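The values are calculated or read from the model by the stated rules, or taken from the named source; none is laboratory data. A quick note: this is a predicted structure, and the numbers were derived from the prediction, not measured. As a convention, Cβ positions derive from the backbone with ideal geometry for all residues, glycine included, and neighbour counts pool all protein chains shown. For accessibility, only protein heavy atoms count, side chains too; no ligands or nucleic acids. Shrake-Rupley method; radii C 1.70, N 1.55, O 1.52, S 1.80 Å.
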Amino acid sequence: MIEPSSIISGMSFPKIGVVVSTTRPSRIGPKVAEWVSQLAPYDAQVEIVDLAEVALPFLEDHAVPAAGDYDRPSTIAWSQRVRGYDALVLTVAEYNGGYPAVLKNALDTLKQEWAGMPVAVVGYGWGGAAAATAALGTVLDRLRMVRLDGPGLRFGEDLSTEGEILADAPEDAVRGLYDQLLAAVRESQPAA
Ligand SMILES: Cc1cc2nc3c(=O)[nH]c(=O)nc-3n(C[C@H](O)[C@H](O)[C@H](O)COP(=O)(O)O)c2cc1C
């Protein structure tokens, strides 16, 4: 979803993918990602990236991802899609003290695409998904992404277990995260 209001004739704004990291039939991930996307500033193009729709197999390419020599059409499409974003926001559920396997697979499927890409993390769960985002941070650092840690939404305080966003949800923190993300994009892509 590209917000029409984010596009002003003659100007090109950074394109940010807001990733839904879960695929369960009854997941709330899309509601969290939608809330995050609606807090984006006017000078960013925001698109939801639903890993359920991306639907990657588990590492079926012949070569290792670091080679960039992809033969699976799904990997080629994923690589092209990722290269189309200037930055990502990962919305991250906590599963058994970690982050969803489908997100790890989406990261592991590519390699060179991640290096230097600004990435912000917004967790959700009991305790704000602190364990999940800490574990994910190690992986994002290994991939040499430019990591920005955002807020964790807590069940009962910031959102309901059905995915309803509550009044105390940290809107200002997410807006501040976008500011940091856009600054990181500017830093990674200096004007010619
Ligand atoms: C397999 C599984 C493991 C879970 N483990 C945790 C956990 O360790 N910590 C936590 O805060 N919530 C945990 N939960 C609750 C999730 O945070 C909650 O179900 C959330 O809605 C998951 O995101 P989703 O609906 O987008 O899949 C778990 C849920 C599932 C399905």
Discussion item. Anything in segment 112-143 that is free of Cβ contacts under 8 Å to residues at least 40 places away in the same chain and at positive phi? List them, or say none.
Written reply: G125, G127, G128, A129
Item to complete: Would you please name the residue that is farthest from the ligand (Cβ to nearest atom), looking only at residues in segment 90-120 that are open to solvent by 10 Å² or more (accessible area, probe 1.4 Å) and hydroxyl-bearing (S, T, Y)?
Response: Y99
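Looking at E60, is it of a type outside the set (S, T, Y) and open to solvent by 80 Å² or more (accessible area, probe 1.4 Å)? Don't jump to the end; show me each part of the working.
Numbers: of a type outside the set (S, T, Y): yes; open to solvent by 80 Å² or more (accessible area, probe 1.4 Å): yes.
For E60, the condition - of a type outside the set (S, T, Y) and open to solvent by 80 Å² or more (accessible area, probe 1.4 Å) - is met.
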Worksheet item: Which of the residues that make up segment 124-156 are out of contact with any Asp or Glu (no Cβ under 7 Å at 6 or more places or on another chain), outside any strand (DSSP E or B) and within 9 Å of the ligand (Cβ to nearest atom)?
Response: W126, G127, G128, A130
Worksheet item: Which of (1) touching a residue at least 60 places away in the same chain (Cβ under 8 Å); (2) aromatic (F, W, Y); (3) in contact with a helix residue (DSSP H, G or I) (Cβ under 9 Å, 6 or more places away or on another chain) does Y85 not meet, given it meets every other one?
Response: (3)
Worksheet item: Got a number for residues in segment 157-174 being within 11 Å of the ligand (Cβ to nearest atom) and of a type in the set (G, A, S)?
Response: 2
Worksheet item: Looking at segment 13-27, is at least one residue in contact with a Pro (Cβ under 6 Å, 6 or more places away or on another chain), on the phi < 0 side of the Ramachandran plot, of a type in the set (V, I, T) and at pLDDT 95 or above?
Response: yes
